[in-house]
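Asker: The structure's right below; bear with me while I get my questions together.
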């Protein structure tokens with residue numbers, strides 16, 4: 001069990017370290033920027049100022065921030 005805990009802590013450390021620059025590293029390529037643009041177009045189409053969004057932390061949160069700024 002302690003090996004499992006150590007693996008979790010190591011994984012957590014890796015992701016916490018990457019978090020600071022994750023968007024810069026992984027959203028920079030053209031295709032990711034294009035996909036983000038398409039995602040935002042869809043979000044604007046289906047979300048309005050009275051919509052609610054549950055952000056469950058399964059990504060960078062960029063879409064949630066985008067929607068927040070649109071209201």
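The numbers here are math on the coordinates, done by the rules we state, and not lab data. What you see is a predicted model; the values in this text were computed from it and never measured. In this analysis, Cβ positions are derived from the backbone assuming ideal geometry, glycine residues included, and neighbour counts consider all displayed protein chains.
Asker: What's the total number of residues in the stretch 1-60 that are part of a helix (DSSP H, G or I) and farther than 21 Å from residue 71 by Cβ?
Answerer: Going through the stretch 1-60 one residue at a time, the tally reaches 29.
Asker: So, one more: If you scan the stretch 61-71, which residues turn out to be assigned to a loop (DSSP other than H, G, I, E, B) and within 15 Å of the chain's Cα centre (by Cα)?
Answerer: 61
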